[in-house]
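Q: Sharing a structure below in structure tokens format, with a few things to ask.
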Amino acid sequence: MKTFEVDLKKEYGTEGGKLTAILCGDIYDDPAANEAWTRPAVIVVPGGAYWMVSKREGEPVASGFLARGFQTFILTYLTASDGEYAYPEQLTELAAATDYVKKHAKEMHVNPDEVFAVGFSAGGHLTADLAAEWQNIEEITGKKLNCKPLAVGLSYAVISAKTGYAGSHENLLQGYTEEAKTELLKKLNLDEAVSENTPPAFIWTTAEDDCVPSENSLLFALQLAKRKIPYELHVYPQGHHGASTCDMEVNAENAWLKRNSRWLDDCACFFRLFTKEKF
């Protein structure tokens, strides 16, 4: 296994942001075979209400996808606790991270056409934002970036400020006037931003989530369905917000953990619908 960190500020001129790679190294005895093999890649985008970046939704998730045949990356993006870093800084960092993985794919044994992103809570909002706005990224950020994910995973994602928890949007839009916030929310309520250009999505949440109601996931899935964009939706009947991998490493013991932990296998299988490699 090989790990390293990429300073996105140094590479792309963002305000900050760090991309941590956790990669499978050479797997063959034959040097020629090692030169040629590739895996799809997953960029993990932890949550934290745009106030912090949750460690529980970073490395444990990346390790799960690594074990399922993906090269993995964790995005640590700037949040409100780091200073007055508001939209579109976080989107710029995720777009830059996606561009970096595609641009340096060969040296990391990644298929550049098979880059996915999986986000949690506010990180799910950020991931869904990239899915909805990738085609406008130069206009939004001033940077020309190759940043379309092949598909995305949205884990108990914040989608709309109109459905329950609005704290993520408040942190994301800190420093904007009320008038500007109102205007920006028109596109940052992401169920309203879905278009024919939005990539497929694996979506999961729980009916008991009292922080980010499951309605968020349903709204996004409905917009995908209207446009006949492939999606997979799981609403587990039990489980709290922020369950990450749904195992006891990052959760207290609960009867629902084993059932909900299936999301990782299901998400990996959904992504494999769109990849060349089927292992």
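Q: Within segment 105-170, which trypsin sites (Lys or Arg not before Pro) sit in a loop by DSSP and count at most 16 neighbouring Cβ atoms inside 10 Å?
A: Within segment 105-170, the qualifying trypsin sites (Lys or Arg not before Pro) (loop, at most 16 other Cβ atoms within 10 Å) are Lys143, Lys144, Lys162.
Q: For the chain, with a Gaussian network of springs between Cα atoms less than 10 Å apart, report the residue from Asp265, Asp247, Asp29 with the top mean-square fluctuation.
A: Asp29
Q: So, one more: Separation between the Ala255 and Ala207 pseudo-spin-labels, each 7 Å from Cα along Cα→Cβ, expressed in nm?
A: For Ala255 paired with Ala207, the spin-label model returns 1.4 nm.
Q: Output ³J(HN,Hα) for segment 74-87: one whole-Hz value per residue in order, computed from phi by the Karplus curve 6.51 cos²θ - 1.76 cosθ + 1.60 with θ = phi - 60°, and x for Gly and Pro.
A: 10, 9, 10, 10, 5, 10, 4, 6, 8, x, 8, 9, 10, 3
Q: Gly153's amide H: which non-local residues (gap 5+, or another chain) put their own amide H closer than 5 Å, with H modeled 1.01 Å from N in plane and none for Pro or chain starts?
A: Amide H neighbours of Gly153, under 5 Å, 5+ apart: Ala117, Val118, Gly119, Phe202.
Q: Please report the net charge: other residues with Cβ closer than 12 Å to the Cβ of Ala80, K and R +1, D and E -1.
A: Values: positive: none; negative: Asp82, Glu84, Glu89, Glu170.
Once positives and negatives cancel, what remains is -4.
Q: So what is Rg over Rh here for segment 209-279, counting just Cα atoms and using Kirkwood for Rh?
A: Working: Rg = 14.2 Å, Rh = 13.9 Å.
Radius of gyration over Kirkwood radius for segment 209-279 works out to 1.02.
Q: Let me ask something else about it. Work out how much length Gln135 to Glu178 would gain on full extension: take 0.36 nm times their residue separation and subtract the Cα-Cα distance, in nm to one decimal. Provide the component values of the computation, followed by the final result.
A: Working: separation 43, 0.36 × 43 = 15.48 nm, distance 2.70 nm.
That works out to 12.8 nm of additional length.
Q: Now for a different question. With Cα Rg over 2.2 N^0.38 Å in mind, check (i) 0.95; (ii) 1.02; (iii) 1.10 and report the label derived from this structure.
A: Only one option fits the structure, namely (i).
Q: List the lysines whose Cα sits under 22 Å from the Cα of Lys102, skipping any in the same chain fewer than 8 residues away.
A: Lys2, Lys9, Lys10, Lys18, Lys143, Lys144, Lys148, Lys276, Lys278
Q: With a 10 Å cut-off between alpha carbons and a GNM built on the chain, which of Cys269, Cys246, Cys147 moves the most?
A: Looking only at Cys269, Cys246, Cys147, the largest GNM fluctuation is found for Cys269.
Q: In debye to the nearest 20, how big a dipole does segment 2-272 give about its Cα centre with +1 on each Lys and Arg Cβ and -1 on each Asp and Glu Cβ?
A: Details: 25 positive and 39 negative charges, 98 e Å.
Result for segment 2-272 is approximately 480 debye, rounded to the nearest 20.
Q: Another one. Remind me, relative contact order of the chain in percent, using alpha carbon pairs under 8 angstrom and six or more residues apart? Intermediate values should be presented prior to the final figure.
A: Details: 579 pairs, mean separation 46.4, N = 279.
Worked out over the chain, it gives 17 percent.
Q: Follow-up question, since we're still on this one. Obtain the nm distance between the two label points defined at Asp266 and Lys143 by a simple spin-label model: each point lies 7 Å from its Cα along the Cα-to-C-beta direction.
A: Computed distance between label sites Asp266 and Lys143 equals 3.4 nm.
Q: Also, quick follow-up: Grab the DSSP H runs of the chain that are 4 residues or longer, score each as -39,500 (n - 2.57), total them, divide by all residues and round the 222 nm result to the nearest 500 deg cm²/dmol.
A: Values: 11 runs with 96 residues, N = 279.
Calculated from helices alone, the mean residue ellipticity at 222 nm is -9500 deg cm²/dmol.
Q: ³J(HN,Hα) across segment 261-269 via Karplus (A = 6.51, B = -1.76, C = 1.60, θ = phi - 60°), whole Hz, x for Gly/Pro?
A: 5, 5, 4, 5, 4, 5, 5, 4, 5
Q: When DSSP assigns beta bridges and you keep just the ones with both residues in segment 2-272, what percent turn out antiparallel, to the nearest 5?
A: On the way: 11 of 35 bridges.
For segment 2-272, the DSSP antiparallel bridge percentage is about 30.
Q: Taking segment 240-279, which trypsin sites (Lys or Arg not before Pro) meet the DSSP loop condition and have no more than 11 other C-beta atoms within 10 Å? Could you put the intermediate results ahead of the total?
A: Values: sites: Lys258, Arg259, Arg262, Arg272, Lys276, Lys278; in loops: Lys276, Lys278.
Loop-located and lightly packed - Lys276, Lys278.
Q: A follow-up question, please. Give me the one-decimal nm value for the distance between modelled label points at Trp37 and Phe274, 7 Å along each residue's Cα-to-Cβ direction.
A: 2.5
Q: Name the shape class, rounded, prolate or oblate, that the alpha-carbon gyration tensor gives for segment 17-88, where a ≥ b ≥ c are the square roots of its eigenvalues, rounded holds for a/c under 1.5, and otherwise prolate holds if a/b is larger than b/c and oblate otherwise.
A: The shape class here is prolate.
Q: Also, I was wondering about something else. Most fluctuating residue of Gly58, Gly167, Gly153 in a GNM of the chain with Cα springs under 10 Å: which is it?
A: In this elastic network of the chain, the residue with the biggest mean-square fluctuation among Gly58, Gly167, Gly153 is Gly167.
Bear in mind that the values in this text are calculations on the coordinates, not laboratory data. Predicted model only: the values in this text are computed from it and were never measured. Quick reminder, even Gly has a Cβ in these numbers, built from the backbone with ideal geometry, and neighbours come from all protein chains shown.
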